[in-house]
Each structure stands twice: as C-alpha cells, then as structure tokens.
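The values are calculated or read from the model by the stated rules, or taken from the named source; none is laboratory data. What you see is a predicted model; the values in this text were computed from it and never measured. Glycine gets a Cβ as well: all are built from the backbone with ideal geometry, and neighbour counts include every protein chain shown. Accessible surface is based on the protein model in full, side chains and every heavy atom, while ligands, DNA and RNA are left aside. Shrake-Rupley method; radii C 1.70, N 1.55, O 1.52, S 1.80 Å.
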Amino acid sequence: MVVTQMGGAINYRDPTRAEHNFRADPEAAIGILPTLERWGPPTFVLSDVTFNPAIEITAESPLYKRWAAPDARPSERVLREHFDRWMAKYPCIQHDALTLAAALLWPGVRFVRERVVLDSIARMTPSADGVEIAMSASADYPAFMAWLDKALS
C-alpha cells in the first residue's frame with residue numbers, strides 16, 4: 001500500500017496547534033502513523049511546503065483569467081464558478097492539488113526521509129524515536145502551476 005497524505009507540519013504557522021488536517025481528527029492521525037510504517041514510509045506533503053502564495057489561484061492568475069474569458073469552455077466556467085464561491089471565504093492555495101501531483105509521481109516535489117512523532121494534539125516534531133516518513137522539503141512552484149494549468153486544460 002502506498003500512502004500520500006496532505007498534512008502535517010514541522011513549522012506550522014500557529015505553533016500552539018496542529019496543522020489543519022491533523023487537527024481535524026488528532027486521534028486518527030496519532031493512531032494511523034505507526035500503522036502506516038508497516039508498508040514502508042508513508043509520504044506526507046507538509047503544509048510547510050504547500051502553504052505558499054506561489055501556488056494560490058486568484059482573480060489575477062492566468063489560469064483564472066482563462067476560466068473567466070468570454071470564450072471559456074463550459075468546464076472552465078464551472079471551475080470559475082466554484083473558485084468564485086471558494087474565494088469569497090478562503091484563499092485558493094493549491095495544497096491538495098500539489099499533493100495529488102506528488103501522488104502521481106510528478107517530479108517537482110522533493111522529499112526527505114525523517115523520523116517524526118505526533119504529540120497529544122497531533123503536532124508533528126522530528127524525533128530519532130519516531131516513525132520514518134517521506135516528507136516534502138520543497139517544491140518547484142512555477143513548474144507546478146504550469147503542470148496544473150496543463151492538467152486543467
């Protein structure tokens with residue numbers, strides 16, 4: 001079994017809490033991590049890498065502008081409508097799309113092996129006594145946005 005998960009963070013932007021996905025169900029995150037180790041190191045695309053404005057779609061993004069063009073295809077108009085509704089409340093940073101790219105073995109995400117533990121509220125910390133994971137260390141953001149543009153064309 002191969003697991004690629006969007007979530008976790010070593011340097012989360014709010015150190016008093018766990019990354020969003022782990023915070024949604026800390027018990028599940030804490031419980032599953034050692035289980036995943038049985039099949040080899042699970043892959044985690046950390047918010048340390050995904051939370052970056054370089055992969056945000058805004059009304060000024062070329063991708064969005066294509067969806068909003070008068071000659072946009074019906075599928076592009078649907079995407080624009082969904083993004084408009086999402087952008088009314090949240091930024092459209094492509095955390096999950098970058099994770100999907102990594103799961104599809106797109107080569108623009110660089111991973112390192114690290115041993116980590118989760119504390120009682122699922123905050124992730126490197127630890128020699130922890131579970132070995134493959135965690136994202138960096139991404140080629142411009143290449144990713146080109147990949148996403150092509151994938152959504």
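Here 55, 30, 93 are screened, and the one residue that is within 21 Å of residue 129 (Cα to Cα) and of a type outside the set (S, T, N, Q) is 30. Condition check for residue 55 on (1) out of contact with any helix residue (DSSP H, G or I) (no Cβ under 6 Å at 6 or more places or on another chain); (2) closer than 25 Å to residue 24 by Cα; (3) not small (Gly, Ala, Ser): one failure, at (1). Evaluating residue 72 against the criteria (1) buried (at least 19 other Cβ atoms within 10 Å of the Cβ); (2) at pLDDT 95 or above leaves one unmet condition, (1). Of all residues in region 3-46, those satisfying the criterion of being over 20 Å from residue 127 (Cα atoms) and touching a Gly at 6+ places or on another chain (Cβ under 8 Å) are 20, 21. Summed over region 31-46, the residues that are touching a residue at least 60 places away in the same chain (Cβ under 8 Å) and closer than 21 Å to residue 96 by Cα give a count of 8. Close contacts from region 137-153, counting a first residue that is closer than 22 Å to residue 9 by Cα and in contact (Cβ under 8 Å) with a residue 40 or more places away in the chain and a second that is open to solvent by 40 Å² or more (accessible area, probe 1.4 Å) and assigned to a helix (DSSP H, G or I), with Cβ to Cβ under 7 Å and a gap of 6+ residues or different chains, come to 141/54. Considering region 88-115, and only residues there that are assigned to a strand (DSSP E or B) and not β-branched (Val, Ile, Thr), the residue that is most open to solvent (accessible area, probe 1.4 Å) turns out to be 113.
Screening region 1-23 for residues that are of a type outside the set (A, V, I, L, M) and assigned to a strand (DSSP E or B) and picking the one that is surrounded by the fewest Cβ atoms within 10 Å (Cβ to Cβ) gives 4. Restricting region 120-145 to residues that are outside any strand (DSSP E or B) and open to solvent by 60 Å² or more (accessible area, probe 1.4 Å) leaves a set whose member that is farthest from residue 53 (Cα to Cα) is 129.
If I filter region 38-65 down to residues being in a helix (DSSP H, G or I) and open to solvent by less than 70 Å² (accessible area, probe 1.4 Å), which single residue comes out as farthest from residue 114 (Cα to Cα)? Filtering region 38-65 for residues that are in a helix (DSSP H, G or I) and open to solvent by less than 70 Å² (accessible area, probe 1.4 Å), the one farthest from residue 114 (Cα to Cα) comes out as 64.
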